[in-house]
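*Asks:* Take a look at this one; I'll ask things after.
Every read-out reported here was derived from the displayed coordinates using simple, explicitly stated rules and does not represent laboratory data. Quick caveat, the model's predicted, so the values are computed rather than measured. No Cβ is skipped: glycine too gets one built from the backbone with ideal geometry, and neighbour counts run over all protein chains shown.
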Amino acid sequence: MIDEQTRRRPRDWAVLALALALLNASLTLGNIWPTPFIWLTGDLSLELAAGLLGLVVLRRPVTAHRRGVLWGLSAAWVLLTLGRYAAVTTQSLWGRDINLYWDMPHVPAVGAMLAFVASPLVLGAVIGALVLVPLFLYAPIRWSLGRVVDATRDARGRRVLVVMALAIATLGGIQRLSEEVPQWPGVATPVTLVWARQARQLAYEMSGAGLRELGPAPVLASNLAHVRGADVFIFFVESYGAVSWDRPAFASELAGARTRLAADISDSGRDVVSAYVESPTFGGESWLAHISLLSGTEVRDGAMNTRLMAQSRETMVAPFARQGYRSIAIMPGLQSAWPEGKFYGFDAIYGAPDLAYEGPPFGWWDVTDQFCLAKMDALEVAPAGRAPLFAVFPTISTHTPFTPVPPYQPDWARALTPEPYDAQALQQAYSVPPDWLDLSPGYVSALQYAYATFGGYLRLRADRDIVMILIGDHQPPALVSGEGASWEVPIHVITNRRAVLERLLQQGFVRGLTPRHPAIAKMHAVTPVLLDAFGDGQ
C-alpha cells in the first residue's frame, strides 16, 4: 500500500534535487568544440518533464512493479543519453549528422583504421569507453529514477514533480514563440527526435520512396574535341577543403608549397584555372563526392549512393569510352572485391592488391599517393602505342588523421622500390604521431606533400599532353575546419589546352591556383561544365 501521508525530510528533498539534476544533465549535455568531451549546458529536458508526469500518473502500477519498471526505464534513458552525446559530438568532430542506417555498415572499417593509426593507449581508452560507459551510465540513472519513483509516494512530492514538469513544458513553448523571451535556461531539443529521425529513415527506404527520389538520369555527352589525344586525370584530393585557403594560418603555412606548385605548372608548359564547388559531404564519406561528380547526380548520403549504384546509368566514363579512351580507376583504399564498381564502367580498377605496394606503411592503407601515381604512370602512361587515358584517382595520403606524412621522393623511379626513402627521412616522418585534439599541423603537412607530389609529376611528364583536374572531395573534419565552415572545396584544372581553359573561365573559373568565392556550382553540376570544356555535346 502506498503511504499517501509520508512526510519528506530536508535530506529527502536534497536527494531528489540531485537525482533530477542528474537526469536532466544526461539529456541536455553539450559538446566542448572541437573535442569528444562534454559540458553541462544548464538547459532543461522535455523528456524529463514527460517522464515526471508519466511516473506521477502511473505511480500505482510503477510502484507495484518497481524493479522491472526501473530496469526498462533506465535502459531507455541510457539510450537517450547516448543519442544526445552522438547528436552533439558528431557535429563537432565531423561537421555533419550521423545516420545510423547508412553509417553503421562503415563502423567496422573505421574502427579498423583507428586501430591501426591510434596509439595503444588511445585505442584502449576508446574500447574501454565503448564497453564501460553504458554500464557507468546505467547505475546513476537507475538510482536517480528510483528517487523520483519514491517521490511519487506522497502528495507533496507529486505536486513538486508536476509543477516542475509543467514549468519546463511552458518555458519551452514560450521560448519558441518569441526570441525576445530569455533563452536561458533553455529547453533542449528532445533527444527522442534523434531516434525518431533514424526510424523515419528506415521506413522511407523500405517504402521505395528513396528510389523514386533519384529522378531521371542526366545526359552526359561530349565529343571531347578540345582534349582529343590528351590524357585526362581526375584526382579527388582527400580532405582538400576551402578552409586550407580561407584560414590565414593555413594559407600562410601553405604559401610556399603553392608557389612551388605554380612554378611546376608554369615550367612544364601548362596553365591553371581554379574555382570553388560545393561538395555533397563534409568531413568524410568521400565516395559521395566521387559518385556525384562522375555521375552528374547529386548524392548526399549513403542511401542515395546505394540506390544510384544499383541502376544502369552512364557516368563520365561513357563519353571518353565513345571516343576510344581507356578508362581506369586507381583505388588504393580498395582492399577487397568491389562488385558495385561496375556501375562506373571503367576498363580497369586498380585496388590495393593490384598496386602491390612494398614500401614502409603510412596510415591505414600503408600505400602513399606518390607510389600510386608512379605505379599508374608505369602501368598505363609510359607504354608506347596505347590509347589516350582517362584516369580517376581518389588520393589517401591526406586522410584523417593526416600523420605520419610520407616524405616526398624526387626520384620517382625509387618511389616504386621497397625502400623509397632514406632512413633519416623515414624516421623523421614516423616521429610525428597524430595529436587527436589538434590535427591542424598534420593537415598542413599532408597538403604540402600532396602539392609536391602533383607538381613533381607535372615536371616528370612535362613532355606529355595532360589535362589534370585536382578537386577536393570534402572539407576536413570540423575539428580542423572550424565551427560553421562551408561545404566548399577547390577545383584546379591544369593543362596546355587553351580552348579548355577559356571555356572554363567563361563558366566562372579564375586564372591561377587561388580559387575565388562563391562556389560556381554544386559538385554534380560541375560535370556538364567540364564535359562542355572538353568538347561539344553529341
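*Asks:* Across the Cα atoms of the chain, what radius of gyration and what greatest pairwise Cα-Cα distance (Dmax) are found, in Å?
*Replies:* 28.1, 97
*Asks:* Using Cα-Cα distances under 8 Å and only pairs 6 or more residues apart, what relative contact order does the chain have, in percent?
*Replies:* 23
*Asks:* I would also like to ask the following. So for Asp438, Asp463, fewest C-beta neighbours within 10 Å to most, what's the order?
*Replies:* Numbers: Asp438 13, Asp463 8.
Ordered from fewest to most neighbouring Cβ atoms within 10 Å, Asp438, Asp463 come out as Asp463, Asp438.
*Asks:* State whether the stretch 346-498 is rounded, prolate or oblate according to the following rule on the C-alpha gyration tensor (a ≥ b ≥ c being the square roots of its eigenvalues): a/c under 1.5 gives rounded; otherwise a/b larger than b/c gives prolate, and the remaining case gives oblate.
*Replies:* Because a/c hits 1.5 or more and a/b fails to exceed b/c, the stretch 346-498 counts as oblate.
*Asks:* Determine which residues of the stretch 450-471 fall in the zone a paramagnetic label at Ala413 would reach in this model, i.e. backbone nitrogen under 16 Å from the point 7 Å along Cα→Cβ.
*Replies:* Once the point is set 7 Å along Cα→Cβ of Ala413, 460-461 turn out to lie under 16 Å by backbone N, inside the stretch 450-471.
*Asks:* As a test of understanding, state the convex hull volume per residue of the stretch 339-383 from its alpha carbons, in Å³.
*Replies:* Numbers: hull volume 4.3 nm³, N = 45.
Given the Cα convex hull of the stretch 339-383, per-residue volume reads 95 Å³.
*Asks:* Next question. Give the range of the longest stretch in the chain that excludes all GluC sites (Glu not before Pro) found in loop regions by DSSP and having at most 15 other beta-carbon atoms within 10 Å.
*Replies:* 181-357
*Asks:* The stretch 491-531: which trypsin sites (Lys or Arg not before Pro) are DSSP loop and have at most 15 other beta-carbon atoms within 10 angstrom?
*Replies:* Here the sparse-neighbourhood loop sites are Arg516.
*Asks:* For Arg464 and Ala50, what is the calculated FRET efficiency with R₀ set at 51 Å and r taken between the beta-carbons, to the nearest 0.05?
*Replies:* 0.15
*Asks:* Right, here's the next one. What is the distance in Å between the Cα centroid of the stretch 401-441 and that of the stretch 341-356?
*Replies:* 26
*Asks:* Can you tally the net charge around Leu501? Count Lys and Arg as +1, Asp and Glu as -1, for every other residue whose Cβ sits under 10 Å from the Cβ of Leu501.
*Replies:* Surrounding charge for Leu501 is +3.
*Asks:* Moving on. To the nearest 20 debye, what charge dipole does the stretch 414-538 have about its Cα centre, counting +1 at the Cβ of each Lys and Arg and -1 at the Cβ of each Asp and Glu?
*Replies:* 500
*Asks:* For the stretch 297-302, just list the computed ³J(HN,Hα) in residue order, Karplus coefficients 6.51, -1.76 and 1.60, θ = phi - 60°, integers in Hz, with x standing in for Gly and Pro.
*Replies:* After applying 6.51 cos²θ - 1.76 cosθ + 1.60, I find 10, 5, 10, 10, 7, x Hz.
*Asks:* Would the stretch 265-374 count as rounded, prolate or oblate if I go by the C-alpha gyration tensor, calling it rounded below 1.5 in a/c and otherwise prolate when a/b exceeds b/c, oblate otherwise?
*Replies:* It comes out rounded by the Cα gyration axes.
*Asks:* Now, a different point. Give me the extension gain from Trp39 to Asn496: residue separation times 0.36 nm, minus the current Cα-Cα distance, reported in nm with one decimal.
*Replies:* 159.1 nm
*Asks:* Name the residue farthest towards the positive end of the dipole of the chain from the options Ile141, Leu27, His524, assuming +1 on Cβ of Lys and Arg, -1 on Cβ of Asp and Glu, about the Cα centre.
*Replies:* About the Cα centre, the residue reaching furthest to the positive side is Ile141.
*Asks:* Relative to the first principal axis of the alpha-carbon coordinates of the chain, what is the inclination of helix 440-460, with its axis defined by its Cα atoms, in degrees from 0 to 90 and to the nearest 10?
*Replies:* On a 0 to 90 degree scale, this one is about 20.
*Asks:* For the stretch 213-534, what is the per residue volume of the convex hull drawn over the alpha-carbon atoms, in cubic angstrom?
*Replies:* Expressed per residue, the convex hull around the Cα atoms of the stretch 213-534 is 128 Å³.
*Asks:* Show that you can apply the helix-only estimate: for the chain, add -39,500 (n - 2.57) for every DSSP H stretch of four or more residues, divide by all residues, and state [θ] at 222 nm to the nearest 500.
*Replies:* -15500 deg cm²/dmol
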